[in-house]
Amino acid sequence: MTDLWEGFSALDAETITGPVWDEPVPLNHRRALPAFPVHTLPSWLGDMVAAVAEETQTPADLAGCLALGVLATAAGGRATVCVRGHWREPVNLYTAVALPPGNRKSAVFALMTSPLLAVEKTLVELSGPLRAEAETTARLAKAAADKAAQKAAAAEPGLRDELTAEAVYLAQQAEELTVPCKPQLVADDVTPESLATLLAEQGGRISVMSAEGEIFDIIAGRYSGAPNMGVFLKGHAGDMARVNRQGREAQHIENPAVTMGLAIQPEVLDAIGRVKGADGRGLLARFLYAKPVSLVGSRNLTPELITEETAATYAHRLGGLTMALADWTDPAVLTLSPEADAVMLAYQKVTESRIGRGGSLAPIVKWASKRDGAVARIAGLLHLATHPDNGWALPIEAATMAAATELGDYFTAHALEVFDDMGADPAQEAAHQVLTHLKDQRLSGFTKRELFRGLSRGDFPAMTDLDPALLLLEEHGWVRQQPLPPRSGRGGRPPSPRYDTHPSLTPPLAGA
């Protein structure tokens, strides 16, 4: 039988067995990203994250990043971490989780933020008498100043100077009186101007929590026509901000603390990467990113529900921490134990060795340069969550710092992927989606129309949107278009292009 095959050319073999396939060229490498390390959180917080992820059937990354965000909302502006010498890190954070639509982001946000809103309501109620007193005092002072001014205006020349001086004094006294604003912990998508006003009104701290992520459109200039990110840069770093409000004197916020906990659609990453100045001025480097795999299509429709004990413990611990720090004016200074400092120093050395030319973190050097600071902030939050009653009186322990470095590694892996996506050709992502679909469905062949019907309309609204992905896959040897059949001359819709797929996409099933 072997002799029969001797002398056959490759063309002869192709005629008998079909076209010969070369080894396909891989698309751009895609990392296997780590899942959110829930075990790094204190038990009361980790239990809630795991329970929310299970009940909503969403990646734990979403609830996990929000857990850090709600802690930062509770403690932002009220604590700083003293790492070493004069190195201080505030404990506010910017987090952004990228997930496609249909992943129940709003439900997760509601479950994770509801204790904060409950505390906010309590703070409003407790401040009611004080605000009422301040409003009444200010109103009476203004009335007294107006009455004194009228009296001075109608006075005899000999008394006018004395009465005028008294009227001026009363007017100054009335002007210096301030009425406290209603306490607010959480805002939604706000303009930079509104955010600055909120910071001035809320003692220098505010949190932006949103399941939509429209804040990036606002930063990019939706209303102003030009990017406006100054308050977001200063609000993360704690640099002094100046607030000018119409009809009022300018206010200086010495140490503004803005927290952001956002959920965005993956394509928003491309948009924010193109915002003028976002990269150069360091806004993108301030975010901790997560890009988990969506569970849509593989969700458990009868999941375990959050227990009353888990939800109650979460609300009690988070609410207690928020209330305990609400009235602080000077932030608590959290120190490191010698062992925690050693863990932090070892982590710094790893970062430093990888951000130089040729290092693994060199492609994201701006983000990586802030990595150690982010780890210090996370350590401060985990410490306060572990000791919500007296964490400000205790040093941060080595185990807490080690947990923070593990979270730092998690965010590093996701940041590398996210920044790759920001600079990637859109056809690459589309080609990855199509290739994944072909592998999952084990398609040895397909028509373009069949492929379009099998994919998400959100990703491919029109059939022509498939063209860049199919062209790229054909160039890389993953698919091959068959010759179009001759037209019959009878008119009608032309046949849909048919493709063959590389044999490696349909390996034999185990046991077959």
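Quick notes on this one:
- Once the Cβ-Cβ distance of V296 and E352 is raised to the sixth power relative to R0 = 45 Å, the FRET efficiency obtained is 0.65.
- Between helix 308-326 and the chain: long-axis angle, C-alpha atoms, 0 to 90°, nearest 10: 40 degrees
- C65 - accessible surface, heavy atoms, 1.4 Å probe, Å² rounded to 10: 0 Å²
- Taking amide H atoms as placed 1.01 Å from N in the peptide plane, the amide H of R205 lies under 5 Å from those of A257, each 5 or more residues away in sequence or on another chain.
- About its Cα centre, the chain has a charge dipole of approximately 840 debye under the convention of +1 per Lys or Arg Cβ and -1 per Asp or Glu Cβ, with nothing else charged.
- Where Rh is the Kirkwood radius over Cα pairs, Rg/Rh for the chain: 1.13
- Remark: region 337-449 carries a charge dipole of roughly 580 debye about the Cα centre, counting +1 on each Lys and Arg Cβ and -1 on each Asp and Glu Cβ.
- Against the main long axis of the alpha-carbon atoms of the chain, helix 338-354 sits at an angle near 50°.
- Centre-to-centre, using Cα atoms only, region 340-375 and region 421-465 are separated by 37 Å.
- Region 75-87 - phi-based ³J(HN,Hα) in whole Hz, Karplus 6.51/-1.76/1.60, Gly and Pro as x: 10, x, x, 10, 7, 9, 9, 8, 7, 6, x, 9, 7
- Measuring spread by the Cα atoms of region 257-359 yields a radius of gyration and Dmax of 20.4, 52 Å.
- Projected label distance in nm at A132 and T313, using a 7 Å step from Cα toward the beta-carbon: 4.0 nm
- Size-normalised alpha-carbon gyration radius of region 313-370, reference 2.2 N^0.38 Å: 1.75
- Per residue, the solvent-accessible area of region 118-228 (1.4 Å probe, heavy atoms of protein chains only, all protein chains present) comes to 58 Å².
- Computed Kirkwood radius, in angstrom, where 1/r is averaged over Cα pairs of region 380-482: 17.4 Å
- Selection from T313, A376, M323 lying farthest towards where the dipole of region 275-430 points positive, charges on Cβ: A376
- Between the listed residues T122, A138, V186, the Cα displaced farthest toward the positive end of the dipole of the chain, a dipole computed from Cβ unit charges relative to the Cα centre, is found at A138.
- Residue order for R377, R354, R286 - accessible surface, 1.4 angstrom probe, largest first: R354, R286, R377
- Shape call, region 159-236: gyration tensor on alpha carbons, a/c limit 1.5: prolate
- Over region 248-397, Cα pairs under 8 Å with separation of 6+ residues give a relative contact order of 26 percent.
- K366 - accessible surface, heavy atoms, 1.4 Å probe, Å² rounded to 10: 100 Å²
- Computed from point charges on the beta carbon alone (+1 for Lys and Arg, -1 for Asp and Glu), the dipole magnitude for region 368-512 about its Cα centre is near 1080 Debye.
- Estimated FRET transfer efficiency when R0 is 41 angstrom, pair Q173-L345 (beta carbons, to 0.05): 0.15
- Proximal charge balance of T405 [Cβ under 11 Å; K/R count +1, D/E count -1]: -2
- Solvent-accessible area assigned to carbon and sulfur over the chain amounts to 54 percent, based on a 1.4 Å probe.
- Region 292-436 - accessible surface per residue (Å², probe 1.4 Å): 47 Å²
- Between the amide H of L288 and those of Y94, T95, A96, distances stay under 5 Å, these residues lying 5 or more places away or on another chain, with hydrogens modeled in the peptide plane.
- Helix axis angle, 192-201 relative to the chain longest principal axis, alpha carbon, degrees: 40 degrees
- For region 182-223, the residues whose amide N sits under 18 Å from a probe point set 7 Å from the Cα of R139 along the beta carbon direction are 182.
- Most to least packed among 456-465, 197-206 [average Cβ atoms within 10 Å]: 197-206, 456-465
- Taking other residues whose beta carbon is less than 12 angstrom from the beta carbon of E162, and scoring Lys, Arg as +1 and Asp, Glu as -1, yields -1.
- Potential lengthening between D22 and M240 on full extension [0.36 nm per residue; Cα-Cα distance subtracted]: 72.4 nm
- Translational D in µm²/s for region 293-422 (Stokes-Einstein at 10 °C, 1.306 mPa s, Kirkwood Rh from C-alpha pairs): 92 µm²/s
The values are calculated or read from the model by the stated rules, or taken from the named source; none is laboratory data. Keep in mind the model is a prediction, meaning the values are calculated, not measured. As a convention, Cβ positions derive from the backbone with ideal geometry for all residues, glycine included, and neighbour counts pool all protein chains shown. The area values use the complete protein model at the heavy-atom level, side chains included, leaving out ligands, DNA and RNA. Shrake-Rupley method; radii C 1.70, N 1.55, O 1.52, S 1.80 Å.
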